[in-house]
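K.L.:
Sharing a structure, written as structure tokens. Questions coming.
The values are calculated or read from the model by the stated rules, or taken from the named source; none is laboratory data. Since this is a predicted model, take the numbers as computed values, not measurements. Positions of Cβ are generated from backbone atoms using ideal geometry, with glycine treated the same way; all protein chains shown enter the neighbour counts. Quick note on the areas: whole protein, heavy atoms, side chains included, nothing else; ligands and nucleic acids left out. Shrake-Rupley method; radii C 1.70, N 1.55, O 1.52, S 1.80 Å.
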Amino acid sequence: MSEWLNQAITQAQGVSDWLSPKRDLALSALADIRWPTRKTEAWKYTSLRPVEKFSKEAPAAFTSTSTLTQIQGFECLDLVFENGQFVTNLAELTLPEGLSIQLASQADASKQADVLAKFSSIKPERHVFGLLNDALVQDVLVIEVADNVCVAPAIRMTSILGLAAQAHTRVLVVLGEHAKLTVSEHYEGNEESLNTGFVEYEIGADARLEHYRFALQTGKAVSLGGSHFQLAERADLNSTLVGFGSDLSRVDVDMVHAGENAFAKMNAFYLLNGKELFDLHATVEHAVPHGTTEENIRIIAADQAKAVFNGRIHIHRDAQKTLAELNNRNLLMSNKAEINTKPELEIYADDVRCAHGATVAEIDKKALYYMQSRGISRAKAQVMLNFGFINELIDQMPNQELAEWLRPQMREKFSQMEVK
């Protein structure tokens, strides 16, 4: 067992509060789980050495120097975690009618019981760092939208980590029937730190969630988290995930079709350079009939970067009339870069339409030469070719303010990624 895992379990043991029932269950499950190694299928291409190294070498003191990013034209309510601590004064927020935001520790016993009933009911137990988050989390931020309420401003949740910070944040988002909400998750910081940030979304019947996760931690940051969704009847989910690599970045996404005629779309792209690593595991569970899922994943890896994608779509026996498509396109910019992709379909129903595919290619050297022959510098030509590869997914982002904020960051990242 890992020294870091032993430390985490020791830290969680003996803590007694309203979360104790769930913490005890997590600790019991962790006792039966082996620390993932390269022989563990879900971690075959991702080493956990940075986690083990963090516990031994991270400095004792830490500070956070990041500031909250301003996005022009993006109307939002900001909820901020600094080094794992929720620092937003909720009393100062003016909330639209029908929107409730509170820390569960500050709620009454009845509300805490409701949160406990939903806690980890959407996130599967197979996620070892999800269980660690269950054991180490100190509070739960609860966001609820009442039935028939359309919340105009987006909810932006920002987790900022500084040097040597360990953060274990947890958020529960509940949308009532016919509700509508936009949530943007931001994870930032390039200092040596360790973060497990998990968010569970319960999307009610006929509700619509527009979701973003910007996993933008870089450098020595270690980030292990996930976004998990449960869709009721005719629920609609449109999710976009953007990732930059770090020493270790891993995101687990689960989408569960629990009600008929639900629709889920996920676009994801990540850009890696140097010796960065990013690992995305996405699982879709079609448990009922007439569900639709669309997944589009694009990856660009340069220098000695390493990308991992595992996309699994599970069609249960009763999930007839399901439509599910998974498309993964990858671009290698270096002979030393590595992309490991594994799309999976597991189908037990006989009246479905499902497809999956993956391609790995190199940047077109002829196109690069052609652009240079027309007076375009090599660096600019690389940016243009790379941008064309992922711009389709940026164009599909429902929120244009976020798309415009993202584009210059993509250009800057591309300018650092050289064809070798």
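K.L.:
Being among the charged types (D, E, K, R) and crowded, with 22+ Cβ neighbours inside 10 Å narrows it down to one of 210, 260, 177, 192, so name that one.
P.N.:
Working: 210 fails: crowded, with 22+ Cβ neighbours inside 10 Å; 260 fails: crowded, with 22+ Cβ neighbours inside 10 Å; 177 fails: crowded, with 22+ Cβ neighbours inside 10 Å.
Going through 210, 260, 177, 192 in turn, just one is among the charged types (D, E, K, R) and crowded, with 22+ Cβ neighbours inside 10 Å: 192.
K.L.:
Looking at region 149-174, which of the residues that are among the small types (Gly, Ala, Ser) and within 26 Å of residue 400 (Cα to Cα) is most open to solvent (accessible area, probe 1.4 Å)?
P.N.:
152
K.L.:
Tell me, please, whether a residue that is out of contact with any Phe, Trp or Tyr (no Cβ under 6 Å at 6 or more places or on another chain) and among the hydroxyl-bearing types (Ser, Thr, Tyr) can be found in region 162-178.
P.N.:
For region 162-178, residues out of contact with any Phe, Trp or Tyr (no Cβ under 6 Å at 6 or more places or on another chain) and among the hydroxyl-bearing types (Ser, Thr, Tyr): absent.
K.L.:
With respect to the numbered conditions (1) open to solvent by 50 Å² or more (accessible area, probe 1.4 Å); (2) in a loop (DSSP other than H, G, I, E, B); (3) touching a helix residue (DSSP H, G or I) at 6+ places or on another chain (Cβ under 7 Å), which one is the sole condition not fulfilled by residue 304?
P.N.:
(3)
K.L.:
Take residue 133 and tell me if it is farther than 22 Å from residue 264 by Cα and outside any strand (DSSP E or B). Please lay out each step first, then the result.
P.N.:
Details: farther than 22 Å from residue 264 by Cα: yes; outside any strand (DSSP E or B): yes.
Here the answer is yes, as residue 133 does meet what is asked.
K.L.:
Restricting to region 358-373, give me the number of residues that are β-branched (Val, Ile, Thr) and open to solvent by 30 Å² or more (accessible area, probe 1.4 Å).
P.N.:
Residues of region 358-373 β-branched (Val, Ile, Thr): 359-360, 363.
Checking which are open to solvent by 30 Å² or more (accessible area, probe 1.4 Å) leaves us with 359-360.
Qualifying residue count, region 358-373: 2.
K.L.:
Would a scan of region 230-245 turn up a residue that is surrounded by fewer than 24 Cβ atoms within 10 Å (Cβ to Cβ), in contact with a helix residue (DSSP H, G or I) (Cβ under 6 Å, 6 or more places away or on another chain) and touching a residue at least 60 places away in the same chain (Cβ under 8 Å)?
P.N.:
No - not one qualifying residue is present in region 230-245.
K.L.:
Do we have any residue at all in region 97-119 that's out of contact with any helix residue (DSSP H, G or I) (no Cβ under 7 Å at 6 or more places or on another chain), under 18 Å from residue 201 (Cα atoms), open to solvent by less than 30 Å² (accessible area, probe 1.4 Å) and not in a loop (DSSP other than H, G, I, E, B)?
P.N.:
Yes, some residue in region 97-119 is out of contact with any helix residue (DSSP H, G or I) (no Cβ under 7 Å at 6 or more places or on another chain), under 18 Å from residue 201 (Cα atoms), open to solvent by less than 30 Å² (accessible area, probe 1.4 Å) and not in a loop (DSSP other than H, G, I, E, B).
K.L.:
Does residue 188 satisfy the condition of being within 13 Å of residue 213 (Cα to Cα) and modelled with pLDDT under 95? Outline the logic, then answer.
P.N.:
Working: within 13 Å of residue 213 (Cα to Cα): yes; modelled with pLDDT under 95: yes.
Here the answer is yes, as residue 188 does meet what is asked.
Residue by residue, here is whether (1) over 25 Å from the mean Cα position of the chain (by Cα); (2) of a type in the set (Asp, Glu); (3) surrounded by 13 or more Cβ atoms within 10 Å (Cβ to Cβ) holds:
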| residue | (1), (2), (3) |
| --- | --- |
| 375 | yes, no, no |
| 380 | yes, no, yes |
| 387 | no, no, yes |
| 394 | no, no, yes |
| 410 | no, no, yes |
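K.L.:
Pick from 392, 344, 325: which is modelled with pLDDT of 85 or more and in a helix (DSSP H, G or I)?
P.N.:
Details: 344 fails: in a helix (DSSP H, G or I); 325 fails: in a helix (DSSP H, G or I).
Matching residue, one of 392, 344, 325: 392.
K.L.:
Within region 4-29, which residues are over 25 Å from residue 164 (Cα atoms) and open to solvent by 30 Å² or more (accessible area, probe 1.4 Å)?
P.N.:
Correct list: 16, 17, 18, 21, 22, 24, 25, 28.
K.L.:
Restricting to region 132-163, name every residue that is at pLDDT 95 or above, within 16 Å of the chain's Cα centre (by Cα) and of a type outside the set (S, T, N, Q).
P.N.:
Within region 132-163, 155, 156, 157 qualify.
K.L.:
So, in region 315-351, how many residues would count as being over 26 Å from residue 365 (Cβ atoms) and open to solvent by less than 30 Å² (accessible area, probe 1.4 Å)? Let's see the steps before the verdict.
P.N.:
Quick first cut of region 315-351, residues over 26 Å from residue 365 (Cβ atoms) only: 315-326, 342-351.
The next check asks that each one be open to solvent by less than 30 Å² (accessible area, probe 1.4 Å); those that pass are 315, 319, 322, 324, 326, 349.
Qualifying residue count for the region: 6.
K.L.:
Is there any pair linking a residue in region 44-73 that is part of a loop (DSSP other than H, G, I, E, B) and at pLDDT 80 or above to one that is aromatic (Phe, Trp, Tyr) and open to solvent by less than 70 Å² (accessible area, probe 1.4 Å), with Cβ under 6 Å and at least six apart or on different chains, and which?
P.N.:
71/405
K.L.:
Only residues that are among the polar types (S, T, N, Q) and farther than 20 Å from residue 82 by Cβ: list them for region 156-214, please. Show your work before the answer.
P.N.:
Initially, region 156-214 is screened for residues among the polar types (S, T, N, Q), giving 158-159, 166, 169, 182, 184, 190, 193, 195-196.
Residue satisfying the conditions is 182 alone.
Matching residues to (1) of a type in the set (Phe, Trp, Tyr); (2) part of a strand (DSSP E or B); (3) modelled with pLDDT under 95:
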{"site": "271", "(1), (2), (3)": "no, yes, yes"}
{"site": "274", "(1), (2), (3)": "no, no, yes"}
{"site": "295", "(1), (2), (3)": "no, yes, no"}
{"site": "314", "(1), (2), (3)": "no, yes, no"}
{"site": "340", "(1), (2), (3)": "no, yes, no"}
{"site": "356", "(1), (2), (3)": "no, yes, yes"}
{"site": "368", "(1), (2), (3)": "no, no, yes"}
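K.L.:
Next up: Determine whether region 131-143 contains at least one residue that is among the aliphatic types (A, V, I, L, M) and open to solvent by 50 Å² or more (accessible area, probe 1.4 Å). Before you say what the answer is, go through the steps one by one.
P.N.:
Taking region 131-143 and keeping what is among the aliphatic types (A, V, I, L, M), we get 131-132, 135-137, 140-143.
Checking which are open to solvent by 50 Å² or more (accessible area, probe 1.4 Å) leaves us with none.
Scanning region 131-143 turns up no residue that is among the aliphatic types (A, V, I, L, M) and open to solvent by 50 Å² or more (accessible area, probe 1.4 Å).
K.L.:
Return the pair list, or none, for Cβ contacts closer than 7 Å from residues in region 315-344 that are free of Cβ contacts under 8 Å to residues at least 40 places away in the same chain to residues that are open to solvent by 40 Å² or more (accessible area, probe 1.4 Å) and among the aromatic types (Phe, Trp, Tyr), at least 6 apart or on different chains.
P.N.:
Within 7 Å, the pairs are 315/348; 316/348; 317/348.
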